[in-house]
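Novice: Submitted below is the structure of interest, expressed as C-alpha cells.
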Amino acid sequence: MNYADLCANIQDICENTFTAEQLAMFTEQAEQKIYNTVQLANLRKNVTGTTSSGNKYLACPGDFLSPYSLAVIDASGNYTYLLNKDVNYIRESYPNPTATAIPKYYAIFGPVTDDSTELTFLLGPTPNAAYGAELHYYYYPESLVTAGTTWLGDNFDSALLNGALVEAIRFMKGEPDLVKIYQDMYMQSLTLLKNLGDGKQRGDAYRNGQVKLPVG
C-alpha cells in the first residue's frame, strides 16, 4: 500500500475528508507506535566507524532508535562485542577516563555537543587505540508520507492502515464503541506483526522446532 492508497482508504473508511497535514499526522503517529512496539529485522541497519584513542565517546547515527549490538574490531580483525550498561555503571567501573584499554562496555550517553538531538555512546574503558566499530541498530525509516512506499506499507499494510485509523477516529472524537472497534482491529494486526518480528524472525526449525498445533 503506497501513501496515496493509504490516504484514500483512511478517508473512505472514516467517511470523512481530511487535510493533507492531518493525513500525514495520522500516518506518522501510527508509524511511530509500530516502530517502537515491534523489533523488525527489516528495520535494522549496520554501520561502521572508528574509535579514537583517548576519546571515551563514539558518535551515534542520526536515525538511531535502539541498539542491537556494538563491537570493536582490533588490528587483526578480531571482534569484541561490548555489553550495554548504564552510564553510572561505566563511571563507577572506570572513574578515571584517562586510563585506557580496549572497551568492554557501552552506554547511551546523550548529547555531547550543542545539538541536543544528537546521541552519543559512552565507552568503558576509554579506548587505547583507534579500533574499528560496527554497530547494528534499529532505526526510524523514512516515513511513508515522504517516501511514497516503505517496507511496512508493502509487506504489512494492515498494521499501518489500522494504526492510522485509530489516530483518525480519535481526531474525529468518534463514538466510544467505534473507537474500540478500530483499536481492536489495530491490536489484531499488531499481534500478527509481533509474531513476525519478535517471533518468526528470531528462530528456526532446527533450533526451535516447527510450530505445531494440538490435534483434537
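The values are calculated or read from the model by the stated rules, or taken from the named source; none is laboratory data. These numbers come from a predicted model, not from an experiment. Cβ: placed from backbone, ideal geometry, glycine included. Neighbour counts: every protein chain shown. The area values use the complete protein model at the heavy-atom level, side chains included, leaving out ligands, DNA and RNA. Shrake-Rupley method; radii C 1.70, N 1.55, O 1.52, S 1.80 Å.
Novice: Working only within region 60-84, note down all residues that are farther than 16 Å from VAL47 by Cα and crowded, with 17+ Cβ neighbours inside 10 Å.
Specialist: none
Novice: Looking only at region 23-46, which residues are in a helix (DSSP H, G or I) and not hydrophobic (A, V, I, L, M, F, W, C)?
Specialist: THR27, GLU28, GLN29, GLU31, GLN32, LYS33, TYR35, ASN42
Here's the yes/no breakdown for (1) open to solvent by less than 60 Å² (accessible area, probe 1.4 Å); (2) in a strand (DSSP E or B); (3) closer than 30 Å to TYR79 by Cα:
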position	(1), (2), (3)
LEU123	yes, yes, yes
ASN128	no, no, yes
PRO141	yes, no, yes
THR146	no, no, no
GLY153	yes, no, no
VAL166	yes, no, no
ILE169	yes, no, no
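Novice: For region 8-22, which positions are in contact (Cβ under 8 Å) with a residue 40 or more places away in the chain and not in a loop (DSSP other than H, G, I, E, B)? It would help to see each step written out before you state the result.
Specialist: Looking only at region 8-22, we keep the residues that are in contact (Cβ under 8 Å) with a residue 40 or more places away in the chain, and these are 9-10, 13-14, 16, 18, 22.
ASN9, ILE10, ILE13, CYS14, GLN22 - these are the residues of region 8-22 that are in contact (Cβ under 8 Å) with a residue 40 or more places away in the chain and not in a loop (DSSP other than H, G, I, E, B).
Novice: Scan region 46-87 for residues that are touching a residue at least 40 places away in the same chain (Cβ under 8 Å), under 10 Å from PHE121 (Cβ atoms) and polar (S, T, N, Q) and jot them down.
Specialist: Of everything in region 46-87, just one residue is touching a residue at least 40 places away in the same chain (Cβ under 8 Å), under 10 Å from PHE121 (Cβ atoms) and polar (S, T, N, Q), namely THR51.
Novice: For region 88-106, state whether one or more residues are closer than 27 Å to TYR140 by Cα, part of a loop (DSSP other than H, G, I, E, B), at pLDDT 95 or above and open to solvent by less than 80 Å² (accessible area, probe 1.4 Å).
Specialist: No, that holds for no residue.
Novice: Restricting the search to region 1-32, which residues are of a type in the set (A, V, I, L, M, F, W, C) and open to solvent by 60 Å² or more (accessible area, probe 1.4 Å)? Break it down into steps so the answer makes sense when it comes.
Specialist: Let us first name the residues in region 1-32 that are of a type in the set (A, V, I, L, M, F, W, C), namely 1, 4, 6-8, 10, 13-14, 18, 20, 23-26, 30.
Listed by number, the residues that qualify are ALA4, ILE13, ALA20, MET25.
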